[in-house]
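The values are calculated or read from the model by the stated rules, or taken from the named source; none is laboratory data. All of these numbers come straight from a predicted model, not from anything done at the bench. Cβ: placed from backbone, ideal geometry, glycine included. Neighbour counts: every protein chain shown.
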């Protein structure tokens, strides 16, 4: 193993241990070669209407693919080799034999090399992400490129530390009075076996690589099952990994891509197969709940949640409305961390410039959301496009069901100069009474914000905590100038395993979870049972076994 | 917190990290005060035919108890306060509020003090263990006293380390080009909630305290539900803990004892209650499997297994037979780590003194087992007594079902001079062909040893691995002078998550798992899903939650 891989892992682990800012790969596209963007676009364009290059198709029974660009509303025409469950698991089981025999150091070396190799295609991955998820160009680059790589590096470094936590062998000596009893003991982290990593349509690499690299560093092989509408970004990642495996004389079965279609999904068949020992999943709650019940599997989930904002009192109302508008508009509210319900007391909100009534708060948020959407320099780039037609329909249906009187900001199509056919929708802002639980107290995925009128700040907090406990929550934002209420909010929301961000304005947004510092999804409420990245995210993937010799 | 508690925790953790020999409490009764044994006996005798003293009975609806001494075959007549599930959970939930507000340092201090306090009653606990489990005096002392305390200390020290792994607060600074974005972040290990710890009849403290102290150090309160036939040892532990809690001004609801009877068990009602978030369990596989399926609970199990011995080739046959005989006889095979199936090739076993046929191996093991049982200085003290009448019946039924021709050593009642009424049974040694799977390929709890005739050593290994994979295994012993076969055995058994001990003779026994060094139960096969003590045994009991402020 090269010294540099270990050094980088140690550095990443120190950052993780200290929860400090750290970035193994620059998140700014300008830090890369001047022509990297153009080359990435060219590579992406070449891949269109073609069979995907770089994946072994040995044993595949057909080529399939049905991705559609949310920006173009046209099919990409890219086909991927498809395999039966039997073929996938045969290759995986065979590769497992080989991969589990590599040392932790070898695996660390290879996996860091994989990430470096992937980084050479960050721009192509960015375009692939744009045209499958609808994310803007900059978000696509950051989320699927450096931020994803950093989350993978986080898993590798935590993995390396956990796997080397105990000595591989020791001499154990116990004095028995008249003599010493000496036993030679060794300790081995034994991998659990084949891992199935199920991706989602909105963050095809960022949500996939943590589980993938966590399984790989612990000696397990993986089958990556992307969402059928969002394959290309992770296909590029897998193809680059295959190059590194080939260089190292390792089988490609260590990581396989399992593609399917919406009409003929293969996920259940894979998940229920006896040879699959672990499952990583990002997606809707119903399927995640089902996976969690499968017996004999170690399952890691990130499911849906309902994220709350508790708006109690603020200094600068316009800075707060602006921040909230951006958090709700970023990728059209399609981030798992986006706020949905803003709880505001019926008596309104105190600000440094005087008191705002509930209605004024609603108008303020609505105006900020509309202002952002209509801003020609900001709107289209912040919103990106709507990944799934169902999401666009949900926005319309929700507005219709509450009636125009409740709609403070209507969702509108936002012109995208670069992509005139883009499927866009600005957030709708809806005023609703706390009593109308059927309206706001469930997940409304997409650009939908409810400003929920409550009795007072304590009631707001109570409802936010209820949502987190019953429906799950990944984030919570609290705006308050009252330190006592802030402490109470922190304690109450933490008790339902929900992190709180306080008084974010300016460049800090509740949606953003930084690698090495912010645990993503607590794992303690219905929004998921696992965290990027704590020690158990690693330790549940292998088993310590100790042997003793006289 | 006193410096000494932290120092002791650090010392214990270093031993655990290095897997070296360490004992926080001496395991030799002679290391204690000269009259400690007599005082312990006196205290035990005083407790007989009486209401148990030291547990709060506030809110209890009756006093119950049905323990029977396997040495006396008489009821102990000790009654304990019984509570309804509602009362138990009301107290637990209330105590949880208080306990979760203590700092990690406070909890560590209090829990180490609890163990010190418990150590003052080691001798009384030893007699309590003898007369509920049937363990011999020395094993009762060691297993329920210092060894149990050490396993608890192991959980505390791993817990302390995991809970303090990340800083409680940091300043996170990210350069944004023209300015720095600074966020103040904190990280809190939030306890999951009420923990139910279900004990077994054979090791009432050793198998209970690891989960109990792991839950407590992580800020959770616990309800201890002992086996109705084995309450007294852990009742003493809980009573001593209550003294420490009282001194610290803490509620006794932090640890409660929930007693029931065989006829009216309350375990399911407790386990299924929504307020119970975690379950630790030691016992039979059927109930353990049921507990593992309960949704919304974090469940840690040690269930049954079938432990194998692979007898390939040896140097000193009599040393090996003697070691095996002791391992099978210790506490009459009622240890979860005791060997059941000894796999021997039909071609026999090579030794330094020549070749032994399969029949000679069977006779050798049988002779060693009989010799030990008949040895007046060793027999009764090694065997102890049979905890449950069902176990004694199983031995008889098994001998009958295989027929006298197969019984190489019949189980006999072994006279115990001190306790003439003791329920005893020496191990039966039964010769059986590998094909007769219905005889040997299932758990036969108690003093039953099958010497299974296989095709060859590889076949022996294959069967041992099959047993571990399908039925679970906590230990495996391999006797071989062939280093290639030893390596193969290690790899094959480790792949089914079973540790292997090689060529134990003399004072080393496969049954013994040392705290701080040997992981007990791997957690990777059907014998259980958890380990004493790896990091996840701790980390699955709390959730990291981070908060961010501008």
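Quick check on the stretch B:4-26. Is at least one of its residues more than 26 Å from residue B:200 (Cα to Cα) and in contact with a strand residue (DSSP E or B) (Cβ under 6 Å, 6 or more places away or on another chain)?
Yes; the residues of the stretch B:4-26 include at least one that is more than 26 Å from residue B:200 (Cα to Cα) and in contact with a strand residue (DSSP E or B) (Cβ under 6 Å, 6 or more places away or on another chain).
Condition first: closer than 30 Å to residue B:25 by Cβ, touching a residue at least 24 places away in the same chain (Cβ under 8 Å) and not in a helix (DSSP H, G or I). Now tell me which residues in the stretch B:142-181 satisfy that. Reasoning before the result, please.
Start the filter on the stretch B:142-181 by keeping residues that are closer than 30 Å to residue B:25 by Cβ, which leaves B:142-165.
If we keep only those that are touching a residue at least 24 places away in the same chain (Cβ under 8 Å) as well, we get B:142-164.
Within the stretch B:142-181, B:145, B:164 meet the criteria.
Quickly run through the stretch A:338-350 and pick out the residues that are more than 12 Å from residue A:449 (Cβ to Cβ) and crowded, with 20+ Cβ neighbours inside 10 Å. Please lay out each step first, then the result.
Filtering the stretch A:338-350 for residues more than 12 Å from residue A:449 (Cβ to Cβ) gives A:345-350.
Within the stretch A:338-350, A:345, A:349 qualify.
What residue, of B:204, B:191, is under 23 Å from residue B:273 (Cα atoms) and in contact with a helix residue (DSSP H, G or I) (Cβ under 8 Å, 6 or more places away or on another chain)? Please lay out each step first, then the result.
Working: B:204 fails: under 23 Å from residue B:273 (Cα atoms).
None of the others qualify; the one that does is B:191.
Scan the strands (runs of 3 or more DSSP E) fully inside the stretch A:399-498 and keep the ones with 2 or more residues being crowded, with 23+ Cβ neighbours inside 10 Å.
Numbers: elements: A:407-409, A:428-433, A:448-454, A:476-479.
Per the criteria, A:428-433, A:448-454, A:476-479.
Among the residues in the stretch A:22-38, are any away from chain B (no Cβ under 14 Å), closer than 22 Å to residue A:331 by Cβ and modelled with pLDDT of 95 or more?
yes
Residues being more than 13 Å from residue B:464 (Cα to Cα) and facing another protein chain (nearest Cβ under 9 Å): count how many of those fall in the stretch B:477-505.
So the count comes out to 6.
So, in the stretch A:190-204, of the ones that are at the interface with chain B (Cβ under 10 Å from one of its Cβ atoms) and in a strand (DSSP E or B), which residue ends up nearest to the chain's Cα centre (by Cα)?
Initial filter on the stretch A:190-204 (at the interface with chain B (Cβ under 10 Å from one of its Cβ atoms)): A:190-193.
In the following step, the residues that additionally are in a strand (DSSP E or B) were identified as A:190-191.
On the way: A:190: 27, A:191: 24 Å.
Only one residue tops the list, namely A:191.
Just wondering, is there one or more residues in the stretch B:162-180 that are surrounded by 24 or more Cβ atoms within 10 Å (Cβ to Cβ), over 18 Å from residue B:11 (Cβ atoms) and modelled with pLDDT of 95 or more?
Within the stretch B:162-180 (the criterion being surrounded by 24 or more Cβ atoms within 10 Å (Cβ to Cβ), over 18 Å from residue B:11 (Cβ atoms) and modelled with pLDDT of 95 or more), the answer is no, since none of the residues qualifies.
Suppose we keep only residues that are under 22 Å from the mean Cα position of the chain (by Cα) and without any contact (Cβ under 8 Å) to a residue 60 or more places away in the chain within the stretch B:261-290. Which one would you say is farthest from the other protein chains (Cβ to nearest Cβ)?
B:265
Kindly list the number of the only condition in (1) modelled with pLDDT under 95; (2) farther than 24 Å from residue A:244 by Cα that fails for residue A:56.
Residue A:56 satisfies every listed condition except (2).
If you go through the stretch B:327-343 one residue at a time, how many are more than 20 Å from residue B:519 (Cα to Cα) and either within 14 Å of chain A (Cβ to nearest Cβ) or in contact with a strand residue (DSSP E or B) (Cβ under 6 Å, 6 or more places away or on another chain) (or both)?
Initially, the stretch B:327-343 is screened for residues more than 20 Å from residue B:519 (Cα to Cα), giving B:328-333, B:340-343.
Among the residues that remain, those that are also either within 14 Å of chain A (Cβ to nearest Cβ) or in contact with a strand residue (DSSP E or B) (Cβ under 6 Å, 6 or more places away or on another chain) (or both) are: B:328, B:341-343.
Matching residues across the stretch B:327-343 total 4.
Being at the interface with chain B (Cβ under 7 Å from one of its Cβ atoms) and outside any strand (DSSP E or B) is the filter here, so list the residues in the stretch A:525-547 that pass it.
Narrowing the stretch A:525-547 to residues at the interface with chain B (Cβ under 7 Å from one of its Cβ atoms): A:531, A:534-536, A:539-540, A:543-547.
Of everything in the stretch A:525-547, those that are at the interface with chain B (Cβ under 7 Å from one of its Cβ atoms) and outside any strand (DSSP E or B) turn out to be A:531, A:534, A:535, A:536, A:539, A:540.
Quick check, is residue A:350 outside the structural domain of residue A:143 (by TED's automatic domain parsing) and in a helix (DSSP H, G or I)? Don't jump to the end; show me each part of the working.
On the way: outside the structural domain of residue A:143 (by TED's automatic domain parsing): yes; in a helix (DSSP H, G or I): no.
Answer is no for this residue.
Has the stretch B:217-225 got at least one residue that is closer than 30 Å to residue B:39 by Cβ, surrounded by 24 or more Cβ atoms within 10 Å (Cβ to Cβ), more than 14 Å from every other protein chain (Cβ to nearest Cβ) and out of contact with any strand residue (DSSP E or B) (no Cβ under 6 Å at 6 or more places or on another chain)? Even if it seems obvious, please write down each step before you answer.
Here is the first cut: in the stretch B:217-225, the ones closer than 30 Å to residue B:39 by Cβ are B:222, B:224-225.
Keeping just the survivors that are surrounded by 24 or more Cβ atoms within 10 Å (Cβ to Cβ) gives B:222, B:224-225.
Those still in the list that are more than 14 Å from every other protein chain (Cβ to nearest Cβ) too: B:222, B:224-225.
Now narrow it down to the ones that are out of contact with any strand residue (DSSP E or B) (no Cβ under 6 Å at 6 or more places or on another chain): none.
No - not one qualifying residue is present in the stretch B:217-225.
Read through the list (1) in contact with a strand residue (DSSP E or B) (Cβ under 8 Å, 6 or more places away or on another chain); (2) surrounded by 19 or more Cβ atoms within 10 Å (Cβ to Cβ), then give the number of the only condition that residue B:244 fails.
That leaves (1) as the condition not met.
Of everything in the stretch B:56-73 that's under 20 Å from residue B:89 (Cα atoms) and in contact with a helix residue (DSSP H, G or I) (Cβ under 6 Å, 6 or more places away or on another chain), which residue is surrounded by the fewest Cβ atoms within 10 Å (Cβ to Cβ)?
Just the residues of the stretch B:56-73 that are under 20 Å from residue B:89 (Cα atoms), to begin with: B:56-64.
Next cut, in contact with a helix residue (DSSP H, G or I) (Cβ under 6 Å, 6 or more places away or on another chain) only: B:56, B:59.
On the way: B:56: 17, B:59: 13.
Here the residue is B:59.
Read through the list (1) at the interface with another protein chain (Cβ under 9 Å from one of its Cβ atoms); (2) in contact with a helix residue (DSSP H, G or I) (Cβ under 9 Å, 6 or more places away or on another chain); (3) over 25 Å from residue B:394 (Cα atoms), then give the number of the only condition that residue B:550 fails.
The number of the failed condition is (2).
Would you check if residue A:359 is outside the structural domain of residue A:283 (by TED's automatic domain parsing), touching a strand residue (DSSP E or B) at 6+ places or on another chain (Cβ under 9 Å), on the phi < 0 side of the Ramachandran plot and assigned to a helix (DSSP H, G or I)?
yes
Among (1) over 16 Å from residue B:530 (Cβ atoms); (2) crowded, with 22+ Cβ neighbours inside 10 Å; (3) out of contact with any helix residue (DSSP H, G or I) (no Cβ under 8 Å at 6 or more places or on another chain), there is one condition residue B:315 misses while meeting the rest; what is its number?
(2)
Quick check on this structure: which one of B:258, B:246 is within 30 Å of residue B:386 (Cβ to Cβ) and more than 14 Å from every other protein chain (Cβ to nearest Cβ)?
On the way: B:246 fails: within 30 Å of residue B:386 (Cβ to Cβ).
Residue meeting the stated conditions: B:258.
Filter the stretch A:515-524 for residues that are more than 7 Å from every other protein chain (Cβ to nearest Cβ) and touching a strand residue (DSSP E or B) at 6+ places or on another chain (Cβ under 7 Å) and give the result. Walk me through it before giving the result.
Here is the first cut: in the stretch A:515-524, the ones more than 7 Å from every other protein chain (Cβ to nearest Cβ) are A:515-516, A:520-521.
Result: A:520, A:521.
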